[in-house]
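Written below as structure tokens is the structure these notes are about.
The values are calculated or read from the model by the stated rules, or taken from the named source; none is laboratory data. The structure presented is a predicted model; accordingly, all values stated were derived computationally and were not measured. Reconstructed Cβ throughout: ideal geometry from the backbone, glycine too, with neighbour counts over all protein chains shown.
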Amino acid sequence: MSQMTMTPVQRRDVLRDDPLAQYSRMLEIRHFEELVNELFAQGEIHGTTHLCLGQEALAVGIAAELPTDHAVAATYRGHGVALALGMTPQVVLAEIMGRSAGCVGGVGGSMHLCDMSVGLLPTSAIIGAGIPIAAGAALAYQTLEEQSVAVAIFGDGAANIGAFHEGLNLAAVWKLPVVFVIDNNVYGEYSRIDRTTPFEDLHLRSASYGIPGVTVDGMDSDLVQDTMRVALERARNGQGPTLIEAKTYRFAGHSRADTAPYRPEGELEQWKKRDPLLVTKQRLLKKGAASEDQLDQLEATIKEELESVLDEVRSLPSPNPAAMFDHIYAEQVSV
Ligand SMILES: Cc1ncc(C[n+]2csc(CCOP(=O)(O)OP(=O)(O)O)c2C)c(N)n1
Ligand SMILES: [Mg+2]
């Protein structure tokens, strides 16, 4: 059965112990992002978008280990996390293309994805905002004595913002069941990390909060999954938060108009040698899980399926302009 016709919860469950399903989801994310990139270039999508090309293994490694009743706070670079957690390409693309069948009715767009059936809290464009929100979700779990754990996924740039300190400090003091994941993709907007941050090994910051800090190769979904397992176990045992730093790399620019001319020569090429799709494909071949032909066929099928998703989404209606005033709450104060 194709993953694209499954429900979000099924799409999540299928990842757990199935390396081929995980590879397939990584391919889906890669080609989904490439499709979105093309649609922007053709003027079929408006606004902006932030692609996660090259960061597929982090999203899938986290999703493979996390049950659906655990909350995740992610960012505007969130298409991959949303698809990995289980949201369907149909619903995510409909949101990005401004169709009313999108996850928030087509009025939110690329940066505002959400599906509580798989634990995805609304993604946010405010840097670091997800950190205290995840700590808050964890406080709710702790107070209600639930077994769930909250996860905040955010960038290296976010590790320089006040909310990072506040969220980690409070979570550490109250031993909240939360995992903080820094997606260290080397860049914050148009600046390389060495221009904005005194050192690049951001997991070392955990020492300031008295919590474990670990680093993981974010290009390898298996290693990400293993690291998540340990952090989740700790959180469930009442031992509090863990700071995970995943070393990744942003293959595209910051947002759609950015061609990233500021990268040092050869840096992108160097990282591409460790493309997460390549890492996983080589492992699958080595294990004999599939032949090269089968993996190529899988990739071709996913591309075709995404093309039909696009046809389907193109035919869907846009929301009525009045829909932008739905779900907005105001309190009138009389004087
Ligand atoms: C509070 C806040 N300050 C500044 C910005 C502008 N801004 C948008 S993206 C970004 C860079 C964030 O970099 P990082 O956290 O590394 O995430 P990445 O884009 O690499 O995923 C900045 C500063 C913002 N959106 N919110
Ligand atoms: Mg970054």
Query - Total residues in region 231-261, condition away from ligand 1 (no atom under 16 Å from the Cβ) and within 18 Å of Leu204 (Cα to Cα) - result: 4
Query raised in the report: Residue check: is Glu233 in a helix (DSSP H, G or I) and under 18 Å from Ala64 (Cβ atoms)?
Result: yes
Requested in this report: Determine, yes or no, whether Ala135 is in a helix (DSSP H, G or I), of a type in the set (Gly, Ala, Ser) and within 16 Å of ligand 1 (Cβ to nearest atom).
Outcome: no
Query raised in the report: Can you tell me which residue in region 155-183 is farthest from ligand 1 (Cβ to nearest atom), limited to those that are in contact with a strand residue (DSSP E or B) (Cβ under 7 Å, 6 or more places away or on another chain) and over 28 Å from Gly238 (Cβ atoms)?
Result: Asp156
Query raised in the report: Where residues in region 141-156 are over 16 Å from Phe199 (Cα atoms) and within 14 Å of ligand 2 (Cβ to nearest atom), which of them is nearest to the chain's Cα centre (by Cα)?
Result: Ile153
Query raised in the report: Is there a residue being under 19 Å from the mean Cα position of the chain (by Cα), polar (S, T, N, Q), at pLDDT 95 or above and more than 16 Å from ligand 1 (Cβ to nearest atom) anywhere in region 184-197?
Result: no
Query - Enumeration of residues in region 228-259 that are among the aliphatic types (A, V, I, L, M) and modelled with pLDDT of 95 or more - result: Met228, Val230, Ala231, Leu232, Ala235, Leu243, Ile244, Ala246, Ala252
**Report entry** Among (1) part of a helix (DSSP H, G or I); (2) buried (at least 22 other Cβ atoms within 10 Å of the Cβ) - the single one Ser117 does not satisfy
**Finding:** (2)
Query raised in the report: Filtering region 138-154 down to residues that are within 22 Å of Ala246 (Cβ to Cβ) and in contact with a Pro (Cβ under 8 Å, 6 or more places away or on another chain), which residue is farthest from ligand 1 (Cβ to nearest atom)?
Result: Ser148
**Report entry** Sole residue being within 11 Å of ligand 2 (Cβ to nearest atom), aliphatic (A, V, I, L, M) and in a helix (DSSP H, G or I), chosen from Ala171, Ala159
**Finding:** Ala159
**Report entry** Filtered residues of region 38-63 (kept if farther than 15 Å from Ile153 by Cα and more than 16 Å from ligand 1 (Cβ to nearest atom))
**Finding:** Glu38, Leu39, Phe40, Ala41, Gln42, Gly43, Glu44, Ile45, His46
Report summary line: When restricted to Glu299, Glu265, the only residue in a helix (DSSP H, G or I) and either closer than 30 Å to Ala101 by Cα or free of Cβ contacts under 8 Å to residues at least 40 places away in the same chain (or both) is Glu299
Query - Selection count, region 56-77, where residues are touching a strand residue (DSSP E or B) at 6+ places or on another chain (Cβ under 9 Å), within 20 Å of Ser24 (Cβ to Cβ) and assigned to a loop (DSSP other than H, G, I, E, B) - result: 1
Report summary line: Checked against (1) aliphatic (A, V, I, L, M); (2) over 23 Å from Asp311 (Cα atoms); (3) in a loop (DSSP other than H, G, I, E, B), Leu53 satisfies every condition except (2)
Query raised in the report: Just a yes or no: is a residue in region 205-219 within 20 Å of Val72 (Cα to Cα), polar (S, T, N, Q), surrounded by fewer than 17 Cβ atoms within 10 Å (Cβ to Cβ) and out of contact with any Cys (no Cβ under 8 Å at 6 or more places or on another chain)?
Result: no
Report task. Sort out which residues of region 36-49 are at pLDDT 95 or above, within 25 Å of Asn184 (Cα to Cα) and either surrounded by fewer than 21 Cβ atoms within 10 Å (Cβ to Cβ) or acidic (Asp, Glu) (or both), and write them in order of number. Result -> Asn37
